[in-house]
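As C-alpha cells, the structure follows; a few thoughts come after it.
The numbers here are math on the coordinates, done by the rules we state, and not lab data. Because the structure is predicted, anything quoted here is derived from the model rather than measured. Using ideal geometry, Cβ is built from the backbone for each residue, glycine included, and neighbour counts are taken over all protein chains shown.
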Amino acid sequence: MSTKTAARSNSPVVLGIPFDANSSFLPGAAGAPPLIREAFRCDSSNLWAESGVDLGKEGVFADAGDLPLAASDAFAQIQNAVGDLLDNSHRPVCLGGDHSITEPIVRAFGARFKDLTIVHFDAHPDLYDELQGNRHSHACPFARIMEDGLAKRLVQVGIRTMNGHQREQAERFGVEVIGMQDLPALDRLKKIASPTYVSFDMDVLDPAFAPGISHREPGGMSVREAISHLHALAGPIVGADIVEYNPQQDVSQLTAMVGAKILKEILGKMIRG
Ligand code: MN
Ligand code: MN
C-alpha cells in the first residue's frame, strides 16, 4: 500500500504501524491499529472531538491504512513512509505498534524540522541506553532521538518509573521530566509554542482505565487528565503517535475505545489548531 493519499495539504493522515518486535516483555501491540480504527468508527459514539471538530466530515483527515512491513529493515520502511507523508505536506498520526517505532518516525521529522518539541506521555521515560542488549528496544527510543539531536526539546509527562540510569540519561540529554506526582502541569504545556510532536504511550493511563497494555504501572492518569493535558498544548501539532495498546491484554475492548478517544482528541486538536 502506498502512503500517498488524496488528503488535503496539511491534513492529518493516520498510518498504522503493526510492529512489536522490540517489545521487551510481551508481544501483541502489532495487532492494535485495526482495533483502534474499529473502536473509532464504532456506532456507540459519534465522530466529533470535544473541541467541536466533526471528524466524520469528508476530507478533514485521511487514513493511509497499515504500513505493510517486510521482515527486515522495518525502521527504514517506517522512516521512509513517514518522510513521504511529510514531503506531501501531511501531518502523520501513527498508530503503533510498540514504542520503538517513535525512533524512525522522529528521524523523518528531525530531518525536516529544526525546532521540534516532543511532548511524550508515558509511565516510562524510555531513555535506556540499551535493554536486553537491544539499543532499539521500546525502552530506548528517546535515548536515540536525543543522542542524534532530532528534537530541540523533550518534555515527558506522567512518568512514574524513573530509575538511577534513566535519571542520569535525562540529565545528560536535558529532558524536562514532569512526573505523575507533579501533575497537573497544564500551565507548563500551555507555554510550549514551537512545532510539537505528541508521542502518546497508552500506559501513561492508569491500568484501571486502560488495562490493554504490556506494562501495567499503577498510579497513572485518568483518561480525563490525559485529555486535559493534550488540550493544553499550545504549539502547532505537526505529528503524533499512539503506541503500546496491546489487544492481548485488553478487557472487553475497553482500551481500544480509550485509544480511539485519544486519537479523536489529538486529531481534533490538530485540525482546530
Ligand atoms: Mn513508552
Ligand atoms: Mn510505557
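Checking each residue in region 141-150 for being more than 10 Å from ligand 1 (Cβ to nearest atom) and crowded, with 23+ Cβ neighbours inside 10 Å picks out ALA143, ILE145. Which residues, counting only those in region 12-31, are under 11 Å from SER214 (Cα atoms) and in contact with a strand residue (DSSP E or B) (Cβ under 6 Å, 6 or more places away or on another chain)? The one that is under 11 Å from SER214 (Cα atoms) and in contact with a strand residue (DSSP E or B) (Cβ under 6 Å, 6 or more places away or on another chain): SER24. Filtering region 180-220 to residues that are among the polar types (S, T, N, Q), farther than 19 Å from LEU267 by Cα and within 16 Å of ligand 1 (Cβ to nearest atom) leaves only SER214. The set of residues in region 208-218 that are touching a residue at least 40 places away in the same chain (Cβ under 8 Å) and farther than 21 Å from LEU263 by Cα contains only GLU217. Being closer than 22 Å to SER222 by Cβ, over 17 Å from the mean Cα position of the chain (by Cα), away from ligand 2 (no atom under 16 Å from the Cβ) and not β-branched (Val, Ile, Thr) is a condition met by at least one residue of region 174-181. Of all residues in region 35-57, those satisfying the criterion of being over 11 Å from GLY268 (Cα atoms) and either among the aromatic types (Phe, Trp, Tyr) or outside any loop (DSSP other than H, G, I, E, B) (or both) are LEU35, ILE36, ARG37, GLU38, ALA39, PHE40.
Screening region 84-101 for residues that are of a type in the set (D, E, K, R) and under 23 Å from PHE121 (Cα atoms) and picking the one that is surrounded by the most Cβ atoms within 10 Å (Cβ to Cβ) gives ASP98. GLU217 - would you say it is more than 14 Å from the chain's Cα centre (by Cα), part of a loop (DSSP other than H, G, I, E, B), farther than 24 Å from ILE78 by Cβ and charged (D, E, K, R)? It is true that GLU217 is more than 14 Å from the chain's Cα centre (by Cα), part of a loop (DSSP other than H, G, I, E, B), farther than 24 Å from ILE78 by Cβ and charged (D, E, K, R). Among ALA64, ALA71, ALA32, which is among the aliphatic types (A, V, I, L, M) and part of a loop (DSSP other than H, G, I, E, B)? Sole residue among the options that is among the aliphatic types (A, V, I, L, M) and part of a loop (DSSP other than H, G, I, E, B): ALA71.
Of the residues making up region 119-139, those that are away from ligand 1 (no atom under 12 Å from the Cβ), surrounded by fewer than 24 Cβ atoms within 10 Å (Cβ to Cβ) and in a strand (DSSP E or B) number 1. Determine whether region 104-111 contains at least one residue that is surrounded by fewer than 23 Cβ atoms within 10 Å (Cβ to Cβ) and assigned to a strand (DSSP E or B). No, region 104-111 has no match at all. From the list SER199, SER214, the one residue that fits, being touching a Ser or Thr at 6+ places or on another chain (Cβ under 7 Å), buried (at least 22 other Cβ atoms within 10 Å of the Cβ) and closer than 17 Å to VAL93 by Cβ, is SER199. Selection of region 28-62 for residues being of a type in the set (Lys, Arg) and within 16 Å of ASN246 (Cα to Cα) yields only ARG37. For region 104-143, a residue qualifies if it is within 16 Å of the chain's Cα centre (by Cα), among the charged types (D, E, K, R) and over 25 Å from LYS190 (Cα atoms), and exactly one does: ARG107.
A Cβ distance below 8 Å, combined with a sequence gap of six or more or placement on separate chains, defines the contacts here; from region 224-247, residues that are in contact (Cβ under 8 Å) with a residue 12 or more places away in the chain and more than 11 Å from ALA32 (Cβ to Cβ) reach residues that are part of a helix (DSSP H, G or I) and of a type in the set (Phe, Trp, Tyr) in the pairs VAL238/PHE109; GLY239/PHE109. Residues in region 182-207 that are without any contact (Cβ under 8 Å) to a residue 24 or more places away in the chain and within 16 Å of ligand 2 (Cβ to nearest atom): 2 in all.
If you go through region 230-257 and pick out every residue that is within 16 Å of ligand 1 (Cβ to nearest atom) and either assigned to a helix (DSSP H, G or I) or hydroxyl-bearing (Ser, Thr, Tyr) (or both), you end up with 3.
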